[in-house]
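Trainee: Please read through the structure below; I'll follow up with questions.
The numbers here are math on the coordinates, done by the rules we state, and not lab data. On a predicted model such as this, the values are computed, not experimentally measured, just so you know. Positions of Cβ are generated from backbone atoms using ideal geometry, with glycine treated the same way; all protein chains shown enter the neighbour counts.
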Amino acid sequence: MKKLLIYFLSFFIILSGCDSLELEETDPNNFKDATPDLLIKAPMLAQTLVIEGELARLAGIFSNQFTGSDRQYVSYNSYNIVSGDFDNIWGNVYADGVAQCRIIREKAVEINNDELEGIAMIIEANILGVAAALWGDVPNTEACDDVEFPQPSFDGQLTVYNAAIQLLNTAITKVGGAGGNSYGSDVIDASVRDNMLWTDVAYSIQARLYLHIGDYTNAIASANLGIADGDSDWLINHDDSDNWTDGIMNIYWNFMQWNRYGYLGADDAYLPQLLINNTDPRYDYYYYSGDPYDITPFAWYGGIFQNDHSFPVITYYETQLIIAESEMVDGTPDPAAALVALNNVRAYWDARLDDMWGDDDYFLPYLATDFATNADLLEAILTEKYISCYGQLESWNDMRRTDNYIGIPLKTGTTDYPRRFPIPQNEIDANVNASVIDIYVETPVNAGAYPGL
């Protein structure tokens, strides 16, 4: 990751050694502040590192989509992680993410820019939701204020979720019709920039958070107001036009091809075998078979992690699968509504593979008669989400949240799977409110039984 630079601007000030040189009181090359419309890119990029970087790779190993194949990744494949592994990413979450969003919000209020304030709220809410999902109790109300709260308290996980949900409610009232072509547009992939609406992605993120906390009624309601088609996803721009040194490249590609070749494989992973057994055509998009490993995540031309391929923040297919699952576990199951949403996802993938590989019947709609019981339908929904969200945090979030309902196998030689990431060592050392919690202890919102069928 040391070589990874994403839109990073370096400013070099070359000063003469001449004794008579006098500098003006205001140095135009020494930036101390910026307008909020320029600052918004910073938390967007911090969010990218949080959801597409090391945390996503670990989540993929823990949910058995990847294999740790070399160096420390061999240990990760046996779930051997330590608090110090998370020091850097904690800074991306708070110093680079949440703190910057709050600065932007303050500046946006000063210039009466509701739209920009709302966008910053959406990014902040998403980052906080990710942090709560992965670590459980995390700082929020006292976070990012070193003067007033040098040792911030840890808010309860459910409290953080609810705060993020309410932040999204407020954001929705502010962003209006703003879309991907507004602020920070070059961090959003060009394929969706014209169609993405901030209101829609806010509702979809909210639906995800409601799903995490088991509020299925509100998950359905928010999802129905969320992203309405596959052309309106929130995707991170990695269009580097084969300029491999500009830092815009897909982070998986950067890791697997540029910086840490061979560390991440899939030889003994479960997902590729599941795809092979189901003759699922996505195997040829997700994985590559060949030297030096038998199976590896497809970080090459034509693969899902190609250098210029975008990466999802929140998508149409996830939104539909939230509806499908929630319709099955929210009180009285509604298999008809769930099947409609599941088939919407199959239609999405059929169209996407058509675009890549040519017209074919890659995925036909399911019929109600394809499922003997409601439990079979729920398993199909959760399995589809496990496949669709390949390489994303949600696969591990769902594994923990549903008590591993679809039976993802554990890694060889292990007897349980991690239920959380450890609080970073730097935070433990500096903050008396930070606790050391075993990674096999459920987070509070996942501690109860999953209402599966």
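Trainee: Compute the acute angle (0 to 90°) between the alpha-carbon long axis of helix 335-357 and the principal axis of greatest extent of the alpha-carbon atoms of the chain; round to the nearest 10°.
Mentor: Long axis of 335-357 versus the principal axis of the chain: about 70 degrees.
Trainee: So how strong a dipole does the chain carry about its Cα centre when Lys and Arg Cβ are +1 and Asp and Glu Cβ are -1, to the nearest 20 debye?
Mentor: My answer is approximately 840 debye.
Trainee: Something else: Quick check: from the Cα gyration tensor, does the range 141-226 come out rounded (a/c under 1.5), prolate or oblate?
Mentor: oblate
Trainee: Given H placed 1.01 Å from N in the peptide plane, which residues other than close sequence neighbours of Ile314 have an amide H under 5 Å from its amide H?
Mentor: When sequence neighbours closer than 5 places are left aside, the close amide H contacts are Trp234.
Trainee: Would the range 255-297 count as rounded, prolate or oblate if I go by the C-alpha gyration tensor, calling it rounded below 1.5 in a/c and otherwise prolate when a/b exceeds b/c, oblate otherwise?
Mentor: Here the range 255-297 falls in the prolate category.
Trainee: Still on this structure: For the Cα atoms of the chain, what angle does the longest principal axis make with the long axis of helix 99-110, in degrees from 0 to 90, nearest 10?
Mentor: 70
Trainee: Between the helical axis of 157-175 and the dominant principal axis of the chain, each derived from Cα atoms, what acute angle in degrees is found, rounded to the nearest 10?
Mentor: 70
Trainee: Another one. With the Cα gyration tensor of the range 377-438 giving a ≥ b ≥ c as the square roots of its eigenvalues, does the rule (a/c under 1.5 for rounded; else a/b larger than b/c for prolate; else oblate) give rounded, prolate or oblate?
Mentor: prolate
Trainee: Assuming R0 = 41 Å, what is the FRET efficiency of Leu38 and Leu364, from their Cβ-Cβ distance, to the nearest 0.05?
Mentor: Once rounded, the FRET efficiency stands at 0.30.
Trainee: Given contacts defined as C-alpha pairs under 8 Å and at least six residues apart, what's the relative contact order of the range 72-138, whole-number percent?
Mentor: Relative CO of the range 72-138 lands at 27 percent.
Trainee: In whole Hz and in residue order, list the ³J(HN,Hα) couplings for the range 248-256 that follow from phi through the Karplus curve 6.51 cos²θ - 1.76 cosθ + 1.60, θ = phi - 60°; x for Gly and Pro.
Mentor: Each residue's phi maps through the Karplus curve to give 8, 4, 3, 5, 4, 4, 4, 6, 7 Hz.
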